[in-house]
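This report concerns only the one structure given below.
Bear in mind that the values in this text are calculations on the coordinates, not laboratory data. The structure presented is a predicted model; accordingly, all values stated were derived computationally and were not measured. Here Cβ is always computed from backbone atoms with ideal geometry, including for glycine, and neighbour counts include all displayed protein chains.
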There are 2 protein chains.
Amino acid sequence: MTSLLLKNVRIMDGDTADILIADGVISDISPDINAPGVATEECAGHIAIPGLVEAHTHLDKSLIGLPWYKNDVGGSSLKGMIDNEREIRNSLGIDMHVQSMRHALQTVSYGATLIRSHVDIDTVGGLRALEGVMETADKLVDLVEIETVAFPQSGLLLWDGTATLMDQALAMGADLVGGLDPCGVDKDPKGHLDIVFGLAEKHGKGIDIHLHERGELGMFSMEMILDRAEALDMKGLVTISHAFCLGMPDFRRVDAMLGRLSNMDVRIMTTAPTSSPAPMVKELDMHGIKIGAGNDGIQDTWGPYGNGDMLERAKFVGLRNNMRMDSEVKRALDICSGGGAEAMAKPRRAIEIGAPGDVVIVAGETVVQAVVNHSPRKLVVKGGHISARDGQTLVVAP
Amino acid sequence: MTSLLLKNVRIMDGDTADILIADGVISDISPDINAPGVATEECAGHIAIPGLVEAHTHLDKSLIGLPWYKNDVGGSSLKGMIDNEREIRNSLGIDMHVQSMRHALQTVSYGATLIRSHVDIDTVGGLRALEGVMETADKLVDLVEIETVAFPQSGLLLWDGTATLMDQALAMGADLVGGLDPCGVDKDPKGHLDIVFGLAEKHGKGIDIHLHERGELGMFSMEMILDRAEALDMKGLVTISHAFCLGMPDFRRVDAMLGRLSNMDVRIMTTAPTSSPAPMVKELDMHGIKIGAGNDGIQDTWGPYGNGDMLERAKFVGLRNNMRMDSEVKRALDICSGGGAEAMAKPRRAIEIGAPGDVVIVAGETVVQAVVNHSPRKLVVKGGHISARDGQTLVVAP
């Protein structure tokens, strides 16, 4: 772990001070810190915010750095998009290590110090995607912490052998068990969830399950997830990503479900999507539910959007939730930084003594102005180690 | 009107060629144009897209350039936000000419060559906002075309004298009659709309009415608008901004309304909002309804978001409408450029011979890549006149 002295920073919107990171942890915040022999960065009065947290993405999917992929498939069918991606990825012969390096480094350049990546496990690609992303995680360990979810994108039951590959992926070191749309993809919610929870129990790992199912269908699947989480006493160990169904209009139905989610300390990851229902921050906050956010896949076969910038994602969280007050925009930022880390069961990132030495120096008049303009990142620091400077990572993407 | 030769541009995603603008109009697109004596710009193979069109904003409202405004009001009550703005604007003593210059020039720096601005008319501010914005329109006439809508933000009936001020505003040169939420604000839809349409008839001007009302209430107001448009034979002269109610789930109800709107050639302006229902591009396109888009107010007392970038707005249109295919993203761009101009009843902007000489040179691998990354604008040209270069307008904001 590294030590670093950041001179002359504004602590969020507060006073100007110096920040000392010692052995990877913020050890002092005060004016005029004197630390002989410690590497020092002059920050010219720019704002210090906590390291950003990309809590839901797919590092194995991006096509950045490759010739432009012309999308003729669109977004009308989930199955169509899944099948298209498997074929395209195979036919292009994509190197998941190279692509995940490009994607992760771009995300770091925007200030992320912690990433959770779902990684496809299927019978066509086998464990190649996971191998590629884990190699990236190893290489970038000083710049960013990367956590992996073994993700059965093509279903657990449709292709013989997927469950075995998932088992191998978890033995290999994938950090969490993934899953998706127990009704919508496998058309066998009991079968799908029994495998997911069985793997979690066997490997003693948490779960992060994609749930795009809307309305009552999503609520049905969510109940089945909660039944198992309760039966297995998995409080705090289950995450539901997307959870579109929580954006349904029936607020009594949603409120009751939020109560049950809160009781099991289930965490919710959202992209704050604009074209679908979404879990609403204020309602989740009323129940104390931990929320993280992510950019999801960026520039992949699913769509051309996204750049890995979690400060822009904070803007999207704010816009999607009609957060107009300064205090609300700061909550949106928290979801994309300290709060997101908590949702990932990691130490809260914060500009506070004792917090991890993950700090982003950003230009801006105020924190809120920096969020809404996703202002330039001057410096990205992870555990006292400089990851990026002026938008350029210190490791160059392949 | 000005002449200009743009050398070595990619025509949208097509071939590289030169573009000659003569007397403000695109007069030739071909390789190796020779035009002695005409000012020439080397474009280094960057992409030419049509001038961007900001079809719904409020140039009199932005606080850009002023000390950061801390928002403690939020978005829970429309009336609360209206009242707050009137008071804040008065207490800060805002100069609407200076603010509209800042806002308009920032919008131009991102590539807009045509702007429709609603301008508040109320009994506190009188005609000051309109005077300020019209002064800006005059000063910037070579850089951007600015159209004004006399907009009764505080209602037409709640404050005695507003209708008279609206009449004066139109006599002074406001281009269109504005209105808003006939039920929601004045609580007198008949009274409100009779004044709006009466002013339009008297001054021979079109209408652009804000309609935030959702669900059946909005549909009711929309029907009252259509009744009057039909009775007064105002085909093609009525615009409805926001039209949130068209995003209601009852697709038969919406489809029937779209048929009626299409029949009267009513135009729809949208911001592609993320926290409210919104008119859906594909459904409107099926009825051939003209659509424009806008950033709405930017960085004002309503909220901190927005920067005037219509290429970013095209991204929002794409995201909001789940537009993932390249062809769909190009339609999103069209709504923010040529299609938006048509919705404003202005000549269509396009990279075609005979079209207005409004051209934006943008970096990017493809047009879609330029939209989703809202890539840097290299050059902004309006009617053959250079408005901005490398993000800097040639007129400096006060």
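Averaged over the residues of peptide B:361-371, the number of Cβ atoms from other protein chains lying within 10 Å of each residue's Cβ is 2. Using bins of 10 Å that start at zero, the share of Cα-Cα pairs per bin across the protein assembly as shown amounts to 3, 13, 22, 25, 20, 12, 4, 0, 0, in whole %. Computed extension length for B:L158-B:D28: 41.4 nm, one decimal, from 0.36 nm per residue of separation with the Cα-Cα distance subtracted. Of all chain A C-beta atoms, the nearest to the rotation axis linking A with B is recorded, alongside its rounded Å distance, as A:T274, 2. If each label sits 7 angstrom from Cα along the C-beta direction, how far apart, in nm, is A:D250 from its counterparts in the other copies? Ordered by distance, the counterparts are at 2.0 nm.
The C-alpha atoms of chain A define a longest principal axis, and helix A:189-203 lies at about 50 degrees to it. Inter-chain neighbour count for B:67-74: the average number of beta-carbon atoms from partner chains within 10 Å of each residue's beta-carbon is 5.
Each of B:V38 and A:K190 was given a label point 7 Å from its Cα along the Cα-to-Cβ line. The distance between the two points is 7.5 nm. Neighbouring Cβ atoms from other chains, within 10 Å of the Cβ of residues in A:322-335, number 4 on average.
Pop the C-beta distance of A:A171 and B:D250 into the FRET formula with R0 = 45 Å and round what comes out to the nearest 0.05. With a Förster radius of 45 Å, E is 0.30. Neighbour counting of Cβ atoms within 10 Å sorts the residues B:S276, B:S117, A:S275, fewest neighbours leading, into B:S276, A:S275, B:S117. Seen against the Cα atoms of chain B and their longest principal axis, helix B:251-263 is set at about 70 degrees. Reducing the stretch B:6-51 and the stretch A:36-93 to their Cα centroids gives an inter-centroid distance of 35 Å. The listed peptides B:119-126, A:173-180, ordered by packing as a protection proxy, come out as A:173-180, B:119-126 (highest mean of other Cβ atoms within 10 Å first). Taking each of A:K61/B:K70; A:K282/B:K315; A:K290/B:K61; A:K282/B:K187; B:K330/B:K382 in turn, the alpha-carbon distance tops 28 angstrom for A:K61/B:K70; A:K290/B:K61; A:K282/B:K187. Counting 0.36 nm for each residue step from A:D285 to A:L232 and taking away their Cα separation leaves a gain of 16.5 nm. Size check on the stretch A:200-258: the Cα extents along the three principal axes, sorted descending, read 37, 19, 16 Å. Taken about its Cα centre, the protein assembly as shown carries a charge dipole of roughly 100 debye when the Cβ of each Lys and Arg holds +1 and the Cβ of each Asp and Glu holds -1. Taking Cα atoms only, the orientation of helix B:78-92 departs from the longest principal axis of chain B by about 70 degrees.
At R0 = 45 Å, how high is the FRET efficiency between B:L78 and A:I353 if r is their beta carbon distance? Nearest 0.05 is fine. That pair, B:L78 with A:I353, gives E of 0.55.
Taking the label point 7 Å along Cα→Cβ, A:A345 and its counterparts in the other copies are spaced 6.3 nm apart, in ascending order.
Would you compute the Debye intensity of the stretch A:52-343 from its alpha-carbon atoms alone, equal scatterers and no solvent, and pass along log10 I(q)/I(0) at q = 0.06, 0.08, 0.09, 0.14 Å⁻¹ to two decimals? For the stretch A:52-343, the Cα-only Debye profile gives -0.16, -0.30, -0.38, -1.00. Projecting the Cα positions of A:G383, B:Y305, A:S276 onto the charge dipole of the protein assembly as shown (unit charges on Cβ atoms of Lys, Arg, Asp and Glu, taken about the Cα centre) puts A:S276 furthest along the positive direction. Taking Cα centre as origin and charging only the Cβ of basic (Lys, Arg, +1) and acidic (Asp, Glu, -1) residues, the dipole magnitude of chain B rounds to 520 debye. The charge dipole of the stretch B:101-173, taken about the Cα centre with unit charges on the Cβ atoms of Lys, Arg (+1) and Asp, Glu (-1), comes to about 200 debye, rounded to the nearest 20. Remark: label point of B:S77 defined 7 Å out from Cα along the Cα-Cβ vector; separations to the same position in other copies 5.1 nm, ascending.
Remark: relative contact order (the stretch A:52-343) = 21 percent; criterion is Cα-Cα distance under 8 angstrom and separation of 6 or more residues.
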